[in-house]
1. Within the group I185, I155, I130, which residue is closer than 18 Å to E107 by Cβ, open to solvent by less than 10 Å² (accessible area, probe 1.4 Å) and not in a loop (DSSP other than H, G, I, E, B)?
2. Take the range 389-408 and flag every residue that is surrounded by fewer than 22 Cβ atoms within 10 Å (Cβ to Cβ), modelled with pLDDT of 95 or more and either among the basic types (K, R) or part of a loop (DSSP other than H, G, I, E, B) (or both).
3. Looking at (1) among the β-branched types (V, I, T); (2) over 29 Å from W198 (Cβ atoms); (3) open to solvent by 50 Å² or more (accessible area, probe 1.4 Å), find the lone condition where V120 falls short.
4. Go through the range 482-496 and give me each residue that's touching a helix residue (DSSP H, G or I) at 6+ places or on another chain (Cβ under 6 Å) and not hydroxyl-bearing (S, T, Y).
5. Go through the range 133-152 and give me each residue that's open to solvent by 10 Å² or more (accessible area, probe 1.4 Å), polar (S, T, N, Q) and more than 16 Å from H96 (Cβ to Cβ).
6. For the range 157-167, name all the residues that are within 22 Å of I70 (Cα to Cα) and aliphatic (A, V, I, L, M).
7. Show the residue pairs meeting these rules: Cβ distance below 8 Å; 6+ apart or different chains; first residue within the range 416-434 and small (G, A, S); second residue not in a strand (DSSP E or B).
Amino acid sequence: MKNFIFLIVLLLQSIAFAQTYKITYHSYFEGKKRENFDPIIAFVNEKESYILSQKILESQKPVPYEVQRIDRKTQNLHQFAFLKDNHVSQFIDTAHAGKYSYTHSAETKEILGYTCHKAVTNINSNTMEIWYTKELSLKGGPSTLGQELGLVLEIVRNGNSATRATEITKVKQFQPGTLFGNHNITTHDGLTHRDLIWQSRFTKIPVFHNETINFIDNPQSNDSVYRYAHGTIILRKIQYPNINATDNLFVELTEQSRGDAYDRTGTVFVITKDREKSFFHALQQGIDSVPQYQNSNQKVYKGVVLTSDYTPPTELMRFFTPFGVQHFNHLQIKNKEWHEKVTYRQDITELAPLLSNQELWTGVFIGNYDQGGHEVSLEITQHQDGINVFKNNFALPIFNTLNIMEMAGQDYATMFSSEEGLLVEFTLDQPLQNAQLRYITTGHGGWEHGDEFVPKPNKISLNEQQITSFIPWRSECGSYRLYNPASGNFHNGLSSSDLSRSNWCPATATPPQYIDLGDLPAGKHSIRVQIPLGEPQGSSFSAWNVSGILIGTTG
């Protein structure tokens, strides 16, 4: 490997022995120069050309970054990607030359004192104008586009976005080998090269990999993964990194059936530790160990609301398994090619205040009674320089009625049979600006006349004043038919997975609703949720899984 690197460095240094031009390019939009743009730098001579940026040249650009080299003798494009830990990935594109066809125009214009000719091509529905000169007898440019034509001094995309040369200077020498230093260079195929670049642009926080969630008598935990409620809950302690205000945070879960044929409720959750008790006490000591909630329907619901000494589980993502994806793919239907797995991915940036720099129990629940059950993988991804549309620095979970410990005795959320619904009282130690309720709601239960298949309004009140009322409903469930091989087919040509439901479909995640609450002063407040619950029919009954997290800005 050392000899290989030495040869590469010698090759890169060869550019110093030919007359070389340094061309600086800036970006323009609608004729105006874009500020804070990292200028593109091209070093060009008769043997080769390099494309990089000003920050790379000054060793200021964080990884990953890319440098491109075109060998004029072979016409090969060498793409270098500088990754973490001093690693460099190289991809040699031997099919670069002649990739695009051009329509040439008689139109000319002058750029930096050089007469430029115009050629036009189309890339991914974008019209690209390439302005190049032959007066320097060189080939190069700010990208690989048009380099075989001459020295490209301007590229205009769709008539309004331009990359234009602003300076051309002769340089006595340029030794690109200094860019590589002690980096380890490894050559990859194009697909692997691009994937390495993509993977290096964000941070992965792995949680679970191919873990089983099923129903068995004696689920076995280990030092890493804990199992509760007959194996229907898996839990692992995760150290979350510092999450900046400009970062984006995503949760991503994949699922396959390992024997269960049915659509099941699932949730990804974390257990915060800001109060004396948490949901972890319920998992370790039983559901009776956490506070109870009760209204006038005379039933008791455990561990579902915030109290002075207890915080309910924080729901990151609500999801629903399809009917038997992968395990039941042998159930063939003409012109149906079943998917092998389902992937759920959701932006959870607004929950960063709860996760940043915290070590938290992180779990997945899938309600099922099958020994084969389901297989899941879970990771959190952190992306720098993103957009947090909420700009919040505060998040507080205040209720979660999803019975995560269903298989260990936690009851369904039928408290909405009372007109009182669900009432949660909480205290703010300081004022909260731009407060919102991050609200996830799904209706369940009963066939045909149950709330899973009957639209029901959700009414939300703040301090006993109604804020909003809406009907959560999903009517596009038929879009996900190819994830549902075991879905029942009816006499009328519909499949069970086609049917519209109360805010969920098999094989989908349910996005939160964000309910504006305005500015809240410090002190005591209450939120009430009311849903007209359907009446039980024989052994069938309805329930609503709702979770609420208060978000906003303090200070």
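The values are calculated or read from the model by the stated rules, or taken from the named source; none is laboratory data. This structure is a prediction, so every number in the text was calculated from the model and none was measured. Cβ coordinates were reconstructed from backbone atoms using ideal geometry, including for glycine residues, and neighbour counts include every protein chain displayed. All accessible areas refer to the heavy atoms of the entire protein, side chains included, with ligands and DNA or RNA removed. Shrake-Rupley method; radii C 1.70, N 1.55, O 1.52, S 1.80 Å.
1. Within the list I185, I155, I130, the selection yields I130.
2. Residue satisfying the conditions is N393 alone.
3. For V120, the failing item is (3).
4. N484, G488
5. Answer for the range 133-152, where residues must be open to solvent by 10 Å² or more (accessible area, probe 1.4 Å), polar (S, T, N, Q) and more than 16 Å from H96 (Cβ to Cβ): just S137.
6. A165
7. Qualifying pairs under 8 Å: S417/N297; S417/L533; S418/N295; S418/S296; S418/N297; G421/N295; G421/M415; G421/I531.
For (1) small (G, A, S); (2) touching a Phe, Trp or Tyr at 6+ places or on another chain (Cβ under 7 Å); (3) farther than 30 Å from V63 by Cβ, each residue gets a yes or a no:
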site	(1), (2), (3)
L83	no, no, no
D93	no, no, no
A97	yes, no, no
S101	yes, no, yes
E107	no, no, yes
T115	no, no, yes
T127	no, no, yes
Y132	no, no, yes
S161	yes, yes, no
